[in-house]
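Following: one structure in structure tokens, then a few remarks.
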Amino acid sequence: MIKKKPRDKKDVMELIKQYDVKFVRFWFTDVLGQLKSFAVPVEELDVAFEEGMGFDGSSIKGFSPIEESDMIAIPDPTTFTILPWRPKEKAVARMFCDIYRPDGSPYEGDPRYVLKRNLEKMKEMGFTNFYLGPELEYFYFKNDQGTEILDRGSYFDYPMDAAEDLRRETIFCLEQMGIRVEYSHHEVAPSQHEIDLRYADALEMADIVMTYRIVVKEVAKKYGFYATFMPKPIFGENGSGMHTHQSLFKGDKNAFFDPNDKYHLSDIAKKYIAGLLTHIKEITLVLNQWVNSYKRLVPGYEAPVYISWARRNRSALIRVPMYKPGKEKATRIELRSPDPACNPYLAFACMLAAGLEGIKEGYKLPEPIEKDIFHMSEEERRSLGIDNLPGSLGEAIEYAEKSELLKETLGDHIFKELIIAKKMEWDKYRVQVFPYELEKYLPIL
């Protein structure tokens, strides 16, 4: 493990000598959050730091058309780390990159830039940090050709947990890369797992989420298995979520905490929650961006469907963990709808933008709903003013397309490219004929 986090090019070059690094992989994401990577020999790093490495952006999802496709990837030295699953001799490292145009201006189609831009808006409002602690669930299967499970374990089960050693090695890899893990366990569904990450600032956490997904998959592949962050791979079982704990700070002071409030929530926190509740439908396309995401967002499987907040009630969209005396800095909210197949840069930017809008406009927070919403009748929910999340990708697109907040958060380029990509996905899905339809309707129609 690299003991001291690098700060600049000089630190990186020293680490390269110390760890016998031969190649450095440059990482960035497309609009949908798919990791893109190319390897640079260490002899070229001087040029890469000074001028960046050019590449053709026209082949990257949501990047520029072919007539203006020249892009420059400039590595962020603070993200340098060794890839522990690669050989130690002539080692391979990685750095995340920021994408620029040839004229030196930041590329508006770079998701990392979108998050950076929204963090600057946060700072203009007087906040210094947006801390996040996502909980990414995932499944292990025998291979990528089907959903053959490794075990029939359930929540916190032991010794029915067949993947304990897979998780253990994954945690070792993450720790070697400087990523702190709080704990890990078997999740509710068979062969479903979770490794919880120690909270970090938003940009660092988005990089960590991308790294975490790769490490989980690489360790599984090493043992001949397949790990997937698909939101709902198995019918009739819980899907995989990415419950995201979040808080705003001003220096070392938690802006969400108020010792005199009955919920221990500040006025800022309440307006932030109200912002998320108000704009959640518009940003759901980013937090739950795949057709399959909406197979998870259905009643009965612990996934939130109804737009409300609570303290103890896990059927609510937003949960506020109970305050522990002396733990003011731990005051936070937990958004439960995102899934782990999202683009974390865009998802975190959208959460932040919705919350900040609530603060800026002074949104009023309704009372919490502490009853189990899943067991309420439709009339009860309506009387309490509880609305639903979009029920399909098509519905989410409709809300997103009309959203000024989403357009401003993502910028014109990514907003347009995301809508185009998702409409294409929805159209391709709609025209398919599925086995369910043949089994149900062919014998009777």
**Report entry** Pairs where the first residue, in the stretch 255-271, is closer than 13 Å to P325 by Cα and the second is surrounded by fewer than 16 Cβ atoms within 10 Å (Cβ to Cβ) and at pLDDT 95 or above, C-beta under 8 Å, 6+ apart
**Finding:** D258/D267
Query raised in the report: Is it true that K217 is without any contact (Cβ under 8 Å) to a residue 40 or more places away in the chain and not assigned by TED's automatic domain parsing to the domain that holds R25?
Result: yes
**Report entry** Residues (of a type in the set (V, I, T) and outside any loop (DSSP other than H, G, I, E, B)) located in the stretch 207-258
**Finding:** I208, V209, T211, I214, V215, V216, V219, T228, T244
Query - Residue count, the stretch 184-203 (criterion: buried (at least 21 other Cβ atoms within 10 Å of the Cβ), in contact (Cβ under 8 Å) with a residue 60 or more places away in the chain and farther than 19 Å from F348 by Cβ) - result: 0
Query - Per-region count, the stretch 424-442, residues surrounded by 12 or more Cβ atoms within 10 Å (Cβ to Cβ) and of a type in the set (S, T, Y) - result: 1
**Report entry** Residue ID - modelled with the highest pLDDT, chosen from residues in the stretch 287-312 that are closer than 24 Å to F257 by Cβ and surrounded by fewer than 18 Cβ atoms within 10 Å (Cβ to Cβ)
**Finding:** R311
Report task. For R336, indicate whether it is closer than 30 Å to L203 by Cβ, touching a Gly at 6+ places or on another chain (Cβ under 7 Å) and either buried (at least 17 other Cβ atoms within 10 Å of the Cβ) or at pLDDT 90 or above (or both). Result -> yes
**Report entry** Failed item in (1) in contact with a Pro (Cβ under 9 Å, 6 or more places away or on another chain); (2) of a type in the set (G, A, S); (3) surrounded by 15 or more Cβ atoms within 10 Å (Cβ to Cβ), with A421 passing the rest
**Finding:** (1)
Requested in this report: Mind listing whichever residues of the stretch 253-286 are surrounded by fewer than 24 Cβ atoms within 10 Å (Cβ to Cβ), in contact with a helix residue (DSSP H, G or I) (Cβ under 6 Å, 6 or more places away or on another chain) and more than 20 Å from G362 (Cβ to Cβ)?
Outcome: N254, K281
Query - The one condition in (1) among the charged types (D, E, K, R); (2) surrounded by 19 or more Cβ atoms within 10 Å (Cβ to Cβ); (3) not assigned by TED's automatic domain parsing to the domain that holds Y212 that D98 fails to fulfil - result: (2)
Report task. State the number of residues belonging to the stretch 1-18 that are in contact (Cβ under 8 Å) with a residue 40 or more places away in the chain and surrounded by 14 or more Cβ atoms within 10 Å (Cβ to Cβ). Result -> 7
Requested in this report: Please work out which residue is nearest to F256 (Cα to Cα), limiting yourself to the stretch 337-384 and to residues that are of a type in the set (A, V, I, L, M) and more than 27 Å from the chain's Cα centre (by Cα).
Outcome: L384
Report summary line: Scanning the stretch 1-34 for residues that are basic (K, R), more than 22 Å from D110 (Cα to Cα) and in a strand (DSSP E or B) gives K22
Query raised in the report: Can you spot a residue in the stretch 56-70 that is on the phi > 0 side of the Ramachandran plot and assigned by TED's automatic domain parsing to the domain that holds V209?
Result: no
Query raised in the report: Among the residues of the stretch 273-284, is there at least one that is assigned by TED's automatic domain parsing to the domain that holds K360, assigned to a loop (DSSP other than H, G, I, E, B) and in contact with an Asp or Glu (Cβ under 8 Å, 6 or more places away or on another chain)?
Result: no
Query raised in the report: Among all residue pairs at least 6 apart or on different chains, which show Cβ distances below 6 Å where the first residue, located in the stretch 47-62, is outside any loop (DSSP other than H, G, I, E, B) and the second is aliphatic (A, V, I, L, M)?
Result: A48/V40; M53/A73; G54/I72; F55/M71; G57/M71; S58/I66
Report task. Would you check which residues across the stretch 37-55 are touching a helix residue (DSSP H, G or I) at 6+ places or on another chain (Cβ under 9 Å) and closer than 13 Å to I16 by Cα and list them? Result -> V40, V42, L45, D46
Query raised in the report: Is the stretch 63-80 home to any residue that is closer than 21 Å to E417 by Cβ, among the β-branched types (V, I, T) and surrounded by fewer than 20 Cβ atoms within 10 Å (Cβ to Cβ)?
Result: yes
Query raised in the report: Within the stretch 382-404, can you find the residues that are surrounded by fewer than 18 Cβ atoms within 10 Å (Cβ to Cβ) and not in a loop (DSSP other than H, G, I, E, B)?
Result: R382, S383, D387, N388, G394, E395, E398, E401, E404
Query raised in the report: Out of curiosity, is P134 under 30 Å from G236 (Cβ atoms) and either of a type in the set (S, T, N, Q) or in contact with an Asp or Glu (Cβ under 9 Å, 6 or more places away or on another chain) (or both)?
Result: yes
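The values are calculated or read from the model by the stated rules, or taken from the named source; none is laboratory data. Just so we're clear, the structure is a prediction, and the values are computed from it rather than from any experiment. Here the Cβ is made from the backbone with ideal geometry for all residues, glycine too, and neighbour counts use every protein chain on show.
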